[in-house]
Amino acid sequence: MAAVANQDKDAILMYHFPRASTIPSASPFALKLETYFRMTGVKYESDLTGKFSKKGKIPWVIIDGKEIGDSAFIIDYVNNKYNIDLDKNLSDLDKSIAHCFRKMTEENTFWASISYGRLVDNFPWLLKQLGVPSALTWIAKLIVRRRLLKNMWGHGIGRHNGAEVRSIAEGDIRSISEFLDNKPFFMGDQPTSIDAVMFGFLAELVWFMPPQHWTTKFVTEEHSNIAEYCERMKAKFWPDWEDNLKK
């Protein structure tokens, strides 16, 4: 879906980064949100200019004339507006389990695997994948990478060495794989809201990490049920996946 003006007043206008070459978004939070829209069937349009919200973050949306940021707040608003509940058949215990996996994935796994793997281990690869001109590489390293590494330091993950960070990420991914087991979806036979989260983040490990990085083999070979799960989600909710990649 190309960048558009919000001409349809009934559609949610979602702002996110331009498409990547092997995945619709290099941002797991944006992929999570767009997948959720597809799971629920709400009408949305994409602005792919990379415009940041007033909070300085992506993704964000305009809905009912309001600017809403943070994927979790956006999902809550959409659920209330359209009376959507993908988790209505889950028990309270299952909802609690899903909540814990969401928090772990967004607040820990993301930093230890995706962020560290891209920004610390493979920043030149990331710039090339995003199409950053070589003349601007030094600016990206000086300003963007420095700011992101500062965020990692503030989070705490940036205070550990590479081996320690890897052990943290491996523990998370191993737990995800063991809980998923051979279920079609994360909580069982039917997709629920946690699937948008898990797919948004796990798909990044499957399709948008350097081939030589340890996460690639760890997810696609040693814990192949994760890659198989991502393929199921992709087939069900992203039949137009190829049409939403950078050409």
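The values are calculated or read from the model by the stated rules, or taken from the named source; none is laboratory data. Here the structure is a predicted model, which is why all the values come from computation and not from measurement. All Cβ positions, even for glycine, are placed from backbone atoms using ideal geometry, and neighbour counts span all protein chains on display. Quick note on the areas: whole protein, heavy atoms, side chains included, nothing else; ligands and nucleic acids left out. Shrake-Rupley method; radii C 1.70, N 1.55, O 1.52, S 1.80 Å.
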Query raised in the report: Among the residues of region 133-140, is there at least one that is modelled with pLDDT under 95, in contact with an Asp or Glu (Cβ under 9 Å, 6 or more places away or on another chain) and of a type outside the set (Lys, Arg)?
Result: no
Requested in this report: Look at Pro210 and say whether it is within 30 Å of Tyr77 (Cα to Cα) and touching a residue at least 40 places away in the same chain (Cβ under 8 Å).
Outcome: no
Query raised in the report: Mind checking which pairs have a first residue in region 224-247 that is at negative phi and modelled with pLDDT under 95 and a second that is surrounded by 14 or more Cβ atoms within 10 Å (Cβ to Cβ) and not hydrophobic (A, V, I, L, M, F, W, C), Cβ under 6 Å, 6 or more apart or different chains?
Result: Lys246/Arg19; Lys246/Ser21
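Under 20 Å from the mean Cα position of the chain (by Cα), under 24 Å from Gly188 (Cα atoms) and among the hydroxyl-bearing types (Ser, Thr, Tyr): does that describe Ser71? Quick ask: steps written out before the conclusion?
Numbers: under 20 Å from the mean Cα position of the chain (by Cα): yes; under 24 Å from Gly188 (Cα atoms): yes; among the hydroxyl-bearing types (Ser, Thr, Tyr): yes.
The answer is yes for Ser71.
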Report task. Scan region 138-159 and report the pairs whose first residue is farther than 18 Å from Asn122 by Cβ and whose second residue is of a type in the set (D, E, K, R), with Cβ atoms within less than 9 Å and a gap of 6+ or a chain change. Result -> Trp153/Arg159; His155/Glu107
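Of all residues being open to solvent by less than 50 Å² (accessible area, probe 1.4 Å) and in a helix (DSSP H, G or I) in region 149-161, which is farthest from Glu107 (Cα to Cα)? Just the residue, please.
Gly158
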Report task. For Pro28, state whether it is touching a residue at least 40 places away in the same chain (Cβ under 8 Å) and in contact with a helix residue (DSSP H, G or I) (Cβ under 8 Å, 6 or more places away or on another chain). Result -> yes
Query - Subset of region 162-186 (residues that are assigned to a loop (DSSP other than H, G, I, E, B) and among the small types (Gly, Ala, Ser)) - result: none
Query - Count of residues meeting criterion [surrounded by 18 or more Cβ atoms within 10 Å (Cβ to Cβ) and among the aliphatic types (A, V, I, L, M)] in region 115-139 - result: 3
Query raised in the report: Within region 202-219, can you find the residues that are assigned to a loop (DSSP other than H, G, I, E, B) and open to solvent by 50 Å² or more (accessible area, probe 1.4 Å)?
Result: Pro211, Gln212
Requested in this report: Please find, among Lys128, Lys54, Lys95, the residue that is of a type in the set (Lys, Arg) and modelled with pLDDT of 95 or more.
Outcome: Lys95
Report task. Would you mention how many residues in region 220-247 are under 22 Å from Arg19 (Cβ atoms), open to solvent by less than 30 Å² (accessible area, probe 1.4 Å) and aliphatic (A, V, I, L, M)? Result -> 3
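Those residues that are farther than 18 Å from Val197 by Cβ and part of a helix (DSSP H, G or I), I need them from region 229-247; list them, please.
Restricting attention to region 229-247, the residues satisfying the condition of being farther than 18 Å from Val197 by Cβ are 235, 239-247.
Once the filter is applied, which keeps residues that are farther than 18 Å from Val197 by Cβ and part of a helix (DSSP H, G or I), region 229-247 yields Ala235, Trp241, Glu242, Asp243, Asn244.
Would region 11-26 turn up any residue that is open to solvent by 60 Å² or more (accessible area, probe 1.4 Å), more than 25 Å from Leu127 (Cα to Cα) and more than 19 Å from the chain's Cα centre (by Cα)?
Filtering region 11-26 down to residues open to solvent by 60 Å² or more (accessible area, probe 1.4 Å) leaves 17-18.
Now drop any that are not more than 25 Å from Leu127 (Cα to Cα), which leaves none.
Looking for residues that are open to solvent by 60 Å² or more (accessible area, probe 1.4 Å), more than 25 Å from Leu127 (Cα to Cα) and more than 19 Å from the chain's Cα centre (by Cα), one finds none in region 11-26, hence no.
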